[in-house]
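The values are calculated or read from the model by the stated rules, or taken from the named source; none is laboratory data. Predicted model, so just to flag it, every value in this text is computed and none were measured. A quick note on method: Cβ atoms are made from the backbone with ideal geometry, for glycine too, and the neighbour counts reach across all protein chains shown. Heads up: the accessible areas ignore ligands, DNA and RNA and are worked out on the full protein's heavy atoms, side chains in. Shrake-Rupley method; radii C 1.70, N 1.55, O 1.52, S 1.80 Å.
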There are 2 protein chains.
Amino acid sequence: MNQADWMETAPGVWKTTIGNPIGLTPLTWMNRVPKLEAMQRMKSGLPLKWEDIRLEKGDRTVLSFPLEHAEAVYGMGLQFMKMDQRGRTRYLRVNSDPKQDTGETHAPVPFFVSDRGYGVLIDSASIVTIYCGSAVRLEDAGRGAARDRNIDREWKATPVSSRIEIRIPNDGVHAYLIAGPTLADAVRRYNLFCGGGALPPKWGLGFWHRVPTLFDQQEVLEEALAFRRRNFPCDVIGLEPGWHSRSYPVTNEWDQERYPKPASMLQTLSAQGFRVNLWEQPYLSPDSELYEGLKPLSGSHTVWGGLAPDYTLPQAQEMYKRQHKKRHVDIGVSGYKLDECDGSELTRHSWMFPAHAHFPSGHDGEQIRQLYGLLFQKMTDDMFREQNLRTYGLVRASGTGASSMPYVLYSDLYDHRQFVRALCNASFSGLLWTPEVRKADNAEDWVRRMQTVCFSPMALLNGWGDGTKPWSFPEVEHIIRHYLRLRMRLLPYLYTAFAQYHFEGIPPFRAMPFEGNSGEREKSVFDDHHRVTDTTDGAYGRRGGREWDDQYMVGDALLVAPLFAGESEREVLLPPGIWYGLETGERYDGGGTIAVRAELERIPVFVREGSVIPMMPATAHVPKYGEKVPLQMVHFGNSDGAGLLYDDDGETFEYEHDQKYQWWKTLVRKTSEGEFHGELVGSEKSMVSYSKVEWCLGQSKLPN
Amino acid sequence: MNQADWMETAPGVWKTTIGNPIGLTPLTWMNRVPKLEAMQRMKSGLPLKWEDIRLEKGDRTVLSFPLEHAEAVYGMGLQFMKMDQRGRTRYLRVNSDPKQDTGETHAPVPFFVSDRGYGVLIDSASIVTIYCGSAVRLEDAGRGAARDRNIDREWKATPVSSRIEIRIPNDGVHAYLIAGPTLADAVRRYNLFCGGGALPPKWGLGFWHRVPTLFDQQEVLEEALAFRRRNFPCDVIGLEPGWHSRSYPVTNEWDQERYPKPASMLQTLSAQGFRVNLWEQPYLSPDSELYEGLKPLSGSHTVWGGLAPDYTLPQAQEMYKRQHKKRHVDIGVSGYKLDECDGSELTRHSWMFPAHAHFPSGHDGEQIRQLYGLLFQKMTDDMFREQNLRTYGLVRASGTGASSMPYVLYSDLYDHRQFVRALCNASFSGLLWTPEVRKADNAEDWVRRMQTVCFSPMALLNGWGDGTKPWSFPEVEHIIRHYLRLRMRLLPYLYTAFAQYHFEGIPPFRAMPFEGNSGEREKSVFDDHHRVTDTTDGAYGRRGGREWDDQYMVGDALLVAPLFAGESEREVLLPPGIWYGLETGERYDGGGTIAVRAELERIPVFVREGSVIPMMPATAHVPKYGEKVPLQMVHFGNSDGAGLLYDDDGETFEYEHDQKYQWWKTLVRKTSEGEFHGELVGSEKSMVSYSKVEWCLGQSKLPN
């Protein structure tokens, strides 16, 4: 292709249209305004030549990009098995059960970023397949690509390809080329192009607890109050299917026996500082008040005997929003958990409308399934926006253009390592993921997972099935309490990180490749992979090599390196500079790997020297707007420090409408006397959330 | 639809063409003549009304069939997870790694049989998706299909659908409706329509052993002779990748260092009664003599740096066959193991040309991948046919219309139970499967798997990776020897069963549903599935219920119920009648389940009363044509008996060309004196393979 084929549609974002894309696409559905000013402020760099991009039209149209030998490719949405997607074929279909590494996932996103420093996005409601260097062209075959497996130890099951090939769906797509100059810049630009990252209400960053499914109103109140009595912070109580008068399919109406007075329950909870989040799923019960109205606006096939409404239709959206506003939001519900919008075809359970289902809007089952998670996120977010209220919730399916959606992906199908990998991978694609905790095999596993979830986009314990609570393992209750309280103390820091996501596109939780390469890429992922052929169990050999997919950044200052059950030490890759153990005070030289040991009481978290971390006391729940708490500014290390602090009302969209928000720069300087001095550039006087500022300077560990 | 939409193209087979199918289809490629006479002799019955078949045309054309509440649906090719496919969505793509139950497999076949007694076949080179009652129509929603999962224990993760829906590939397909009246009849008719089942050469039914990959000529000879020395029968020695001068991709040429004189090695082996089978794969090395010639006839993408030739082109076929004939067949090679024609996209290894690859014939990568296994089977079978020699071999991908192909599917990815289930499921789709043995966890697992493989289409031990041999576990060597020898003794019986496959379409190895239901279907598979909701590990509940997918029929007389490591007893479902333990003599009443116990020495095998099993001595290898051995006719039980015996030259196609074959009916009658008398109806005099006939009448167990 050449430059004329691409039109710069936003700073550093070029668009081309291939074929005649029809119907909705994720970006047109989300309809977000790119944050152009922020994009404009960014440096821009494109490491590609236009002529190295190829478009081959035909029955099977292919858009392809060059791959360097050592290039790594990240993204493609919520991938669970691997971070670098090089060498993989990604079939980007929404699927609830991506147990095999096909690319299918709850949240596939046909957006990749290369560590050369650029990204490519395909905007389509159809399934896109991307061959990330897994397809090798005949014209590359001469390059000594073939090896003799009989005798050559360097033989590889996946040969190195020089192209990343994107199979374009039949009707066509809009494709976007997104500039760097770094991988981190390309991701930021993607997030900004999609409207900026989500800024949750402050309460969303507190602790979340979901109660057992058939709890009644009285049991919910008792469980909530137990948190207060036992001194565990909690902001959100989640109700599970039993709040519905019918579930699977659902009515979205309160069960009158278990919940005779939902409004009064919500009031009582609110008085105790709790928000309420309601589970739901898309499929509408014949007993629902909306059934007859939505039936003509629904797909040709049912799920669990319920309607699959076509919410691309404004009329269907209106019915959904009217019901939800009246029955939930008006009486105080704060958000939703949008379950089962992903679909499954497995042995034990198979449920979803088929790909050939037809919907009144003209879309088919494949398209609606690809879009379903986005439809619900947008509808509910719109509904709360209309009330000038922010929401924060859970969703099990997402996709392209979801950066601005205040939703966190979840599922309990995975193990602790996959949870952490998903948290890392989500950061490449404008997604958030919670490694929610349900039951655990033992106290150790429980603690390790609870520690991780406290350093995630949503600190969530889900007791829907078996009623676990933070005090379920009494012998380690104190550890859990400690980390729930630490989460609360970090709220100003976490909220600032999300503000950077919203305004600057910087993901609050980030995989290690965002930290850049120390210099040039020296080795290919392939060079790292030692071939070990076990000819009976692994006929094509195994790959070795270490991906740093088990640790991540939280904001700019913190690096979290979870431990997993059965371990009390691990390797950590520390970026260049000096680092401190957040709770140990131990000092480390970065720029390589270290070994760290931590007993069950501690999750290894590291602070970058010079960071200034804004903190607050561990309140039982996030303070309401106007309730002031002291602010503690913790500066780490022995050199000058800098940081940011963001604040707003924490609940409404005033920060968008009227720019009612505040940024402070925090500066720490060593005086000529050798003492540190801290300063909030902006004005302490204008603070609404904080009563006073306490500076803790030159620390090597967190003050108690 | 109505009857006029369908044309009877063979007795009991109706065809309709949907859309404008282009290019090759599996049936046109296989180009087999239906066995019309045999089909004509069958009873025919169609339990459907024509108007209950629906064709909905549109962007996504769907052909659908009614489903009764309790109807079971079998087939779809080599499925590993389940026998009854009801409730599943089958995405019938060729895939080497069907670890998740999507329908993908080495050998997908869009052919299902209903236990109502009919079958449907879709003939297409594209991927077909079949919703086997997993898609529920809106118009069915009124039937009380929705349940309240909150309180209703009968809630099911997969609701019951009233239609089986087939998504027709875009260009169109040929669809065939295949009459019963029973499930067994529908499968027979399918096999006969595809040209009848494979009749392997007799030597193919002996024992097979594959040697380690880098063995040289001398090591091969030594390993082969060890079988003779140690008194283990063996007919076929298989060579693995190391016989190629280059492998992965391959040259198909002998490595001159390891195999300096292949012709003389083959002669020596032949003199000892061994055949040789060569491993190969499709992808052609740049070092191959065929590379330059096949390059312009190959696909746009390479695999492991090798060409993916377009063997739908006659010119490419000719080059392949000419090379193989000259280098292998002319010096005595008897067949091939056709590996890696299936493709994989996984974390650890990803190799295949992409779906969008283009081939000189105009086919794309999806079509060629779907066809690849069939292309190689047909080309090699044709090549041996041209020499008037039968072959028998292994293949890792297959599909529609392969009944007549002398190839057995294999892969080592599965566990013992899956191996047995695949053996059962293969029988619904004109496929053969070997639960080949490689290494084992322990002697017990080893024995159990070796016992099973001796009652399978190919008794194969594959030592390519770790060099296992039948005597690898000395403590159980005598058990292995016993079953290898029993396999040899059963040769006349097994060969007759394959002849029934060839001439009558009756699979030699059959899943239990072929035995029919004792009367009407009383229960749905759904009724059997108890819902056990484990809300954290299995959010959608688990299915209980017992499928008899771990036992199978061999011919008409034997029922094999393997034991699995860790077990010494099991339940067995015995069809109505009286049965005997083949080696124990114990008597059982059929028509229900029994419990059976067997120590490691025994695999539970049962004989139907009245069976007459033709046997021979346990020779070291299958006798050559004209070498006579005694025939032992073993009659079981206390009532009159009947059976069949088939014979021919065992090696050539004379049985087809000149009808040079013989069938005997075996009859056993009780005389008025109360003694049994056996008779071979036909003539003992005309026997070529057998020197004399010994009758063992009224047995309850196998004579030693």
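Listing for the model above:
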| read-out | value |
| --- | --- |
| Test item: B:152-158 mean partner chain Cβ contacts at 10 Å | 4 |
| Rounded to 5, the percent of DSSP beta bridges in chain A classed as antiparallel | 75 |
| Long-range amide H partners of A:Gly87 with built H, under 5 Å | A:Cys132, A:Gly133, A:Ser134 |
| Accessible area of chain B divided out per residue, in Å², using a probe of 1.4 angstrom | 33 |
| Solvent-accessible area of B:Thr25 with every protein chain in place, 1.4 Å probe, in Å² to the nearest 10 | 10 |
| Pairs beyond 18 Å (Cα-Cα), from B:Lys321/B:Lys660; A:Lys202/A:Lys660; A:Lys202/A:Lys261 | B:Lys321/B:Lys660; A:Lys202/A:Lys261 |
| Sorted peptide list for B:85-92, B:29-36, criterion being average Cβ within 10 angstrom, highest first | B:85-92, B:29-36 |
| Area accessible to solvent at A:Glu547, 1.4 Å probe radius, in Å² | 40 |
| Nearest beta-carbon to the B/A symmetry axis - residue in chain B, distance in Å | B:Gln100, 2 |
| Computed magnitude of the charge dipole of chain B (debye, nearest 20; Cβ of K, R +1, Cβ of D, E -1) | 380 |
| The range A:612-699: proportion of alpha-carbon pairs further apart than 22 angstrom, % | 32 |
| Under 5 Å, built H, 5+ apart or other chain: amide partners of A:Leu394 | A:Tyr336, A:Lys337, A:Leu338, A:Val408 |
| Charge dipole of chain B about the Cα centre (unit charges at C-beta), most positive-ward option of B:Thr312, B:Pro457, B:Leu644 | B:Leu644 |
| Distance in nm between pseudo-label sites at A:Glu656 and B:Asp330 (7 Å out along the Cβ direction from Cα) | 7.7 |
| Which of A:Met265, A:Asn704, A:Gln551, positive extreme of dipole for chain A (C-beta unit charges) | A:Asn704 |
| Test item: Cα-centred dipole of the protein assembly as shown, Lys/Arg +1 and Asp/Glu -1 on Cβ, debye | 140 |
| Ranked packing of A:321-327, A:103-109, B:359-365, most packed first, by mean Cβ within 10 Å | A:103-109, B:359-365, A:321-327 |
| Part-to-part distance (alpha-carbon centres) for the range A:354-408 and the range A:649-684, which is given in Å | 36 |
| Convex hull volume per residue for the protein assembly as shown, taking Cα atoms only, in Å³ | 173 |
| Dipole magnitude of the range B:612-699 about its Cα centre (Cβ charges: Lys, Arg +1; Asp, Glu -1), debye to nearest 20 | 240 |
| Exercise: per-residue mean of other protein chain Cβ atoms within 10 Å, A:358-371 | 1 |
| Contact surface A-B: accessible area buried, both sides summed, square angstrom, 1.4 angstrom probe | 7100 |
| Residue-wise HN-Hα coupling along the range A:593-609, computed from phi with Karplus coefficients 6.51, -1.76, 1.60 (Hz; x: Gly, Pro) | 9, 10, 9, 9, 10, 8, 5, 4, 5, 10, 9, x, 10, 10, 10, 7, 4 |
| Cα centroid of the range B:199-265 to Cα centroid of the range A:84-107, whole Å | 40 |
| Evaluated at q = 0.08, 0.11, 0.16 Å⁻¹: base-10 log I(q)/I(0), Debye formula over Cα of the range A:202-511 | -0.34, -0.67, -1.45 |
| Derived scalar couplings ³J(HN,Hα) [the range A:79-85; Karplus, 6.51 cos²θ - 1.76 cosθ + 1.60; whole Hz; x for Gly, Pro] | 8, 10, 9, 7, 9, 6, 8 |
| Hydrodynamic radius (Kirkwood) for chain B, which is based on Cα pairs only, to one decimal in Å | 26.2 |
| Three semi-axes of the equivalent ellipsoid, the range B:26-162, Cα gyration tensor, whole Å, largest first | 29, 20, 15 |
| Karplus-derived HN-Hα couplings along the range A:220-233 (A = 6.51, B = -1.76, C = 1.60, θ = phi - 60°), whole Hz, x at Gly and Pro | 4, 4, 5, 5, 4, 5, 4, 4, 5, 5, 8, 6, 10, x |
| The range A:216-286: Cα Rg divided by the 2.2 N^0.38 Å rule of thumb | 1.16 |
| Built amide H within the under 5 Å cut-off of A:Leu697, gap 5+ | A:His635 |
| For q = 0.13, 0.16 Å⁻¹, Debye-computed log10 I/I(0) when each Cα of the range B:315-463 counts as one equal scatterer | -0.69, -1.00 |
| Cα centroid of the range B:1-54 to Cα centroid of the range B:132-183, whole Å | 23 |
| Antiparallel bridges, percent of DSSP beta bridges restricted to the protein assembly as shown (to nearest 5) | 75 |
| Dipole of chain B, positive direction: furthest Cα of B:Ser683, B:Met405, B:Pro110, with charges on the beta-carbon | B:Ser683 |
| Test item: A:458-465 mean partner chain Cβ contacts at 10 Å | 2 |
| Nearest-10 value in Å² for the accessible area of A:Cys341, using the 1.4 Å probe | 0 |
| Reachable lysines from B:Lys670, criterion Cα separation under 27 angstrom, eight or more residues apart if same chain | B:Lys685, B:Lys692, B:Lys701 |
| Within the accessible area of the range B:206-510 (1.4 Å probe), percent carbon and sulfur | 46 |
| Heavy-atom accessible area order for B:Lys43, B:Lys337, B:Lys685, largest first, 1.4 Å probe | B:Lys685, B:Lys43, B:Lys337 |
